[in-house]
Amino acid sequence: MAGVDRLLTRGHGLFPASGGEGGGVFAAGGGDAGAPVPPPPSGDSGLGAGAGGAGGVYKQAQSGAVGLDAESGQAADEGDAAGGQGRAGSGAVRDQARAQAAAIGPMSNSASGMRLMVSTMDERLAAMQRQIDTTTTQNQVLATRLRQVVEGYRGLSGMAGGSPLAGLSGLPMQGGSAGGGFGGLSSLAGIPGSLMSARWGSGAGGAASSTGFSDRSVGGGDLPPGVGSEKGLQKDTVLAERAVSAAFPEIGSIGGCRPDSLKWHPNGQAIDVMIPDPSSAHGKALGDSVLRFALQHRDAFNLNHVIWRQTLYNPDGSSELMENRGSPTQNHMDHVHIATNGGGYPRGGEVYRL
């Protein structure tokens with residue numbers, strides 16, 4: 001028991017006692033989107049028109065910087081919240097193990113009592129591992145978001161080599177419309193929308209709780225066939241399809257084996273989890289939850305990658321913004337693509353469980 005307690009205490013120690021104060025991490029925009037811009041010179045000269053245009057561009061860029069400032073501060077808050085939740089959860093696991101060990105201790109001199117002690121401590125160690133995996137996945141998604149915010153800052157600071165006004169026309173503005181703006185924010189397009197505003201977990205507010213989504217789980221029993229066809233799927237992919245179906249009953253369609261120029265779908269190594277109303281806040285939050293679920297179960301699924309909202313996520317936590325393929329479906333804006341390493345084709349009689 002002493003060895004188990006040491007392991008659980010070390011697991012608990014992975015989570016900081018306090019993340020410090022979040023928010024306001026960086027203030028490239030000076031914290032004030034309303035700072036006045038000097039008026040352009042009077043008259044009808046080209047200089048006046050150019051100065052007026054420059055002032056408008058400056059205000060747009062400043063507004064973008066202030067928005068990124070807010071996102072960086074919010075990301076710090078979310079990281080602190082994730083750490084706090086992890087510490088609370090890991091502490092509860094350790095304390096429960098101590099209480100259970102104290103209760104079972106008097107019986108541990110018998111074979112049955114020792115078996116109960118071992119199985120109980122095994123379960124507590126597994127619970128600690130689940131807590132660590134959950135927080136690791138949260139941090140991986142948060143790290144992707146922070147990398148995208150950094151790219152936004154870089155875009156604002158390097159709008160144009162040589163001239164601060166060159167190359168601005170035609171770039172997308174924050175709302176997605178063309179004609180002026182700041183190119184740096186276009187790099188944020190691939191981040192799941194609700195991740196930009198959601199807090200981790202149900203107790204921290206934000207989109208995750210307001211839309212009713214939290215991290216999903218599946219019971220320990222056998223998983224029944226899901227909503228998608230399993231024809232042509234390999235075993236790892238079947239497990240992913242069944243697990244997603246069980247964890248997300250609101251999902252009504254999952255695509256599987258089909259012709260494609262890449263190997264994943266034809267070889268039965270990928271599924272497409274179709275998201276209802278994907279452009280709504282509710283749909284984006286659902287897609288984000290499916291993404292987290294897949295990453296949390298990356299080992300069980302033998303995961304190769306996940307794609308959601310034009311961003312590819314690897315099992316190791318790295319990610320990359322993909323090129324624009326020209327349509328919402330091709331850009332994975334309406335479905336979460338989950339690809340596995342396969343695991344071979346079923347022969348019949350397989351049992352699937354997490």
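The values are calculated or read from the model by the stated rules, or taken from the named source; none is laboratory data. Everything numeric in this text was worked out from a predicted model, so none of it was measured. Ideal geometry is used to build each Cβ from the backbone, glycine not excepted, and the neighbour counts take in all protein chains shown.
So that you can scan it fast, the table gives a plain yes or no per residue for (1) at pLDDT 95 or above; (2) out of contact with any Ser or Thr (no Cβ under 6 Å at 6 or more places or on another chain); (3) surrounded by 21 or more Cβ atoms within 10 Å (Cβ to Cβ):
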position: M196; (1), (2), (3): no, yes, no
position: S214; (1), (2), (3): no, no, no
position: L233; (1), (2), (3): yes, yes, yes
position: V238; (1), (2), (3): yes, yes, yes
position: A243; (1), (2), (3): yes, yes, yes
position: P266; (1), (2), (3): yes, yes, no
Original post:
Which condition breaks for G317 when tested against (1) outside any loop (DSSP other than H, G, I, E, B); (2) of a type outside the set (K, R); (3) touching a helix residue (DSSP H, G or I) at 6+ places or on another chain (Cβ under 6 Å)?
Top reply: (1)
Subject >> Top-ranked residue in the range 1-30 [being β-branched (V, I, T) and modelled with pLDDT of 70 or more; ranked as surrounded by the most Cβ atoms within 10 Å (Cβ to Cβ)] >> reply: V4
**OP:** Sort out which residues of the range 317-334 are modelled with pLDDT of 95 or more and either touching a Phe, Trp or Tyr at 6+ places or on another chain (Cβ under 8 Å) or in the same structural domain as T144 (by TED's automatic domain parsing) (or both), and write them in order of number.
**Re:** H332
**OP:** Just one of (1) touching a residue at least 24 places away in the same chain (Cβ under 8 Å); (2) surrounded by 16 or more Cβ atoms within 10 Å (Cβ to Cβ); (3) under 25 Å from T135 (Cα atoms) trips up A281, so point out which.
**Re:** (2)
Original post:
How many residues are loosely packed, with under 13 Cβ neighbours inside 10 Å and more than 39 Å from the chain's Cα centre (by Cα) if we restrict to the range 108-138?
Top reply: 5
**OP:** For the range 320-354, enumerate the residues that are under 24 Å from P276 (Cα atoms), in contact (Cβ under 8 Å) with a residue 24 or more places away in the chain and either out of contact with any Asp or Glu (no Cβ under 6 Å at 6 or more places or on another chain) or in a loop (DSSP other than H, G, I, E, B) (or both).
**Re:** L321, M322, P328, H332, M333, D334, V336, I338, A339
Original post:
Looking at the range 321-340, which of its residues are surrounded by fewer than 14 Cβ atoms within 10 Å (Cβ to Cβ) and on the phi < 0 side of the Ramachandran plot?
Top reply: E323, N324, R325, S327, T329, Q330
Subject >> Residue in the range 95-104 that is farthest from L146 (Cα to Cα), counting only those that are surrounded by fewer than 20 Cβ atoms within 10 Å (Cβ to Cβ) and touching a residue at least 40 places away in the same chain (Cβ under 8 Å) >> reply: A101
Original post:
Can we say T144 is at pLDDT 75 or above, within 30 Å of Y313 (Cβ to Cβ), within 30 Å of the chain's Cα centre (by Cα) and hydroxyl-bearing (S, T, Y)?
Top reply: no
